[in-house]
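The values are calculated or read from the model by the stated rules, or taken from the named source; none is laboratory data. All figures in this text were calculated on a predicted structure; none of them were measured in a lab. Positions of Cβ are backbone-derived with ideal geometry, glycine not excepted, and every protein chain shown enters the neighbour counts.
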Amino acid sequence: MALKIIDHGSFEYKQMVKLREDILRKPLGLSISPGELELEKENMLIGAFEDEDMLGCCMLVEKDTSSVRLRQMAVLNDLQGKGIGRALMNFAENLARDRGYAVIFMHARKNVVGFYEKMGYVVAGDEFTEITIPHFLMEKKL
């Protein structure tokens, strides 16, 4: 498995958008808007690949000079639980650390809080609803 930074608008980026649509949005009856995609131009886009096939993805969005937000973490359904998410998280954390960020945070879906806790993240607020489902703010000092 190869982990790498993806260029916005590239073929790999199109794979990333499709994976996110299939895993994160379609099950909720939602889709990613063109406006959302336009805002991603400045984000750090990360993909996990086996040859040319995308297995998982995530992105980092700068909040300020010391913190970055993890967003749109997705792994193919039939490959979840096989270490791809953990590898993506380690890559994202190392990238954030290398670029000088001290904190990484996210809006984690309630059903995956345990995964992030195993990765060293802590819940940092009350449950809230985002894109129609329960989430928690989670964070980790790098």
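Close Cβ contacts (under 6 Å, 6 or more residues apart or on different chains) running from residues in segment 100-129 that are more than 14 Å from residue 70 (Cβ to Cβ) to residues that are outside any strand (DSSP E or B) comprise 102/66; 102/142. Got a number for residues in segment 113-132 being modelled with pLDDT of 95 or more and of a type in the set (Val, Ile, Thr)? Residues in segment 113-132 being modelled with pLDDT of 95 or more and of a type in the set (Val, Ile, Thr): 4 in total. Is it fair to say residue 20 is of a type in the set (Lys, Arg), buried (at least 19 other Cβ atoms within 10 Å of the Cβ) and not in a loop (DSSP other than H, G, I, E, B)? When the stated conditions are applied, residue 20 passes them. The condition of being within 16 Å of the chain's Cα centre (by Cα), over 16 Å from residue 104 (Cβ atoms), charged (D, E, K, R) and exposed (fewer than 14 other Cβ atoms within 10 Å of the Cβ) holds for only one of 78, 7, that being 7.
May I ask you to verify whether residue 41 is of a type outside the set (Phe, Trp, Tyr), more than 11 Å from residue 142 (Cβ to Cβ), surrounded by 13 or more Cβ atoms within 10 Å (Cβ to Cβ) and free of Cβ contacts under 8 Å to residues at least 40 places away in the same chain? In short, no.
Does residue 71 satisfy the condition of being assigned to a helix (DSSP H, G or I), closer than 28 Å to residue 9 by Cα, modelled with pLDDT of 95 or more and out of contact with any helix residue (DSSP H, G or I) (no Cβ under 8 Å at 6 or more places or on another chain)? Show your work before the answer.
Details: assigned to a helix (DSSP H, G or I): no; closer than 28 Å to residue 9 by Cα: yes; modelled with pLDDT of 95 or more: yes; out of contact with any helix residue (DSSP H, G or I) (no Cβ under 8 Å at 6 or more places or on another chain): yes.
Judged against the criteria, residue 71 is not a match.
In segment 5-38, how many residues are hydrophobic (A, V, I, L, M, F, W, C), touching a residue at least 40 places away in the same chain (Cβ under 8 Å) and closer than 17 Å to residue 76 by Cβ?
Residues of segment 5-38 that are hydrophobic (A, V, I, L, M, F, W, C), as a first pass: 5-6, 11, 16-17, 19, 23-24, 28, 30, 32, 37.
Now narrow it down to the ones that are touching a residue at least 40 places away in the same chain (Cβ under 8 Å): 5-6, 16, 19, 23-24, 28, 30.
Keeping just the survivors that are closer than 17 Å to residue 76 by Cβ gives 6, 16, 19, 23-24.
Looking only at that region, the number is 5.
Just a yes or no: is a residue in segment 93-104 of a type in the set (Lys, Arg), at pLDDT 95 or above and touching an Asp or Glu at 6+ places or on another chain (Cβ under 9 Å)? For segment 93-104, residues of a type in the set (Lys, Arg), at pLDDT 95 or above and touching an Asp or Glu at 6+ places or on another chain (Cβ under 9 Å): present.
When you scan segment 48-75, how many residues do you find that are under 17 Å from residue 1 (Cβ atoms), surrounded by fewer than 17 Cβ atoms within 10 Å (Cβ to Cβ) and in contact (Cβ under 8 Å) with a residue 40 or more places away in the chain?
First, pick out the residues of segment 48-75 that are under 17 Å from residue 1 (Cβ atoms): 48-58, 73-75.
Among the residues that remain, those that are also surrounded by fewer than 17 Cβ atoms within 10 Å (Cβ to Cβ) are: 50-53.
Now restrict to residues that are in contact (Cβ under 8 Å) with a residue 40 or more places away in the chain: 50.
Residues in segment 48-75 being under 17 Å from residue 1 (Cβ atoms), surrounded by fewer than 17 Cβ atoms within 10 Å (Cβ to Cβ) and in contact (Cβ under 8 Å) with a residue 40 or more places away in the chain: 1 in total.
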